[in-house]
Amino acid sequence: LNREIGLMKKAVQCSEITEWFEDEEHYGKKIEAFREMNSFMSVLNSANLYFGVASSLNEYSIDAESAFTDYRSFATLNRGQDKDRWYFECADSPNEYVLNVDIDKLKRRKLVWLNYKVESDGKFLGVLATGLQFDHSLEEIFGEYDQANVRSVVIDEHGVIQMDSAIAGTGQKLIFESSRKLV
């Protein structure tokens, strides 16, 4: 997890990416940002990036197989939409990044997301996110404990269990849609 956080910090500080976030319509900057994002995706465990640009609220998603022609907005972010909460929670946070469990809108899979602010000279430009793969995330979160003696859970802000080490190895999903609350 620390490695992914470090790589994302480097990505959001990359001049090619920040310059394109500042000038989204500039074709040359878009090409350079795409090249840099591909470079970062080649070393991220997740091999995907998901992002929103503050000035337009345009939303994008690319992965390691994406061509430049796929590098286009697929939606506009809206503060009133629950599906866009990831962006606005990160934008409003006093922290430079936010972790949350959420569903990938395009591929309909639940991921642990690392949402990182993109800023330049103190100006908020947008959010760059990557969906962390569960096997890596689970190993980071649950791997250091003797599971016979310690149970770990990840809960959301409403107390709903999102990840549970007690079901590891049972064939059940480790990340799941649930309304179970931690009691």
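The values are calculated or read from the model by the stated rules, or taken from the named source; none is laboratory data. Worth saying up front: this structure is predicted, and the values here are computed from it rather than measured. Cβ placement follows ideal geometry from the backbone for every residue including glycine, while neighbour counts extend to all protein chains displayed. Quick note on the areas: whole protein, heavy atoms, side chains included, nothing else; ligands and nucleic acids left out. Shrake-Rupley method; radii C 1.70, N 1.55, O 1.52, S 1.80 Å.
Points worth noting:
- When the residues of the stretch 1-40 are filtered to those that are open to solvent by 20 Å² or more (accessible area, probe 1.4 Å) and of a type in the set (Val, Ile, Thr), the one that is nearest to residue 85 (Cα to Cα) is 5.
- If you go through the stretch 110-127 and pick out every residue that is modelled with pLDDT of 70 or more and either farther than 16 Å from residue 92 by Cβ or open to solvent by 10 Å² or more (accessible area, probe 1.4 Å) (or both), you end up with 11.
- Among residues of the stretch 11-47 being closer than 20 Å to residue 88 by Cα and in contact (Cβ under 8 Å) with a residue 60 or more places away in the chain, the one that is farthest from the chain's Cα centre (by Cα) is 22.
- Only one of 91, 54, 67 that is touching a Leu at 6+ places or on another chain (Cβ under 7 Å) and at negative phi: 54
- Residue 54 open to solvent by 20 Å² or more (accessible area, probe 1.4 Å), in contact with a strand residue (DSSP E or B) (Cβ under 8 Å, 6 or more places away or on another chain) and in contact (Cβ under 8 Å) with a residue 60 or more places away in the chain: yes
- Residue 43 under 13 Å from residue 130 (Cβ atoms) and either open to solvent by 20 Å² or more (accessible area, probe 1.4 Å) or touching a helix residue (DSSP H, G or I) at 6+ places or on another chain (Cβ under 9 Å) (or both): yes
- Some residue of the stretch 64-80 being touching a residue at least 12 places away in the same chain (Cβ under 8 Å) and within 14 Å of the chain's Cα centre (by Cα): no
- Matching option when the condition is hydroxyl-bearing (Ser, Thr, Tyr), at pLDDT below 95 and over 19 Å from residue 11 (Cα atoms), among 130, 69: 69
- Candidate set from the stretch 76-86 (those that are at pLDDT 95 or above and not charged (D, E, K, R)); member that is least open to solvent (accessible area, probe 1.4 Å): 77
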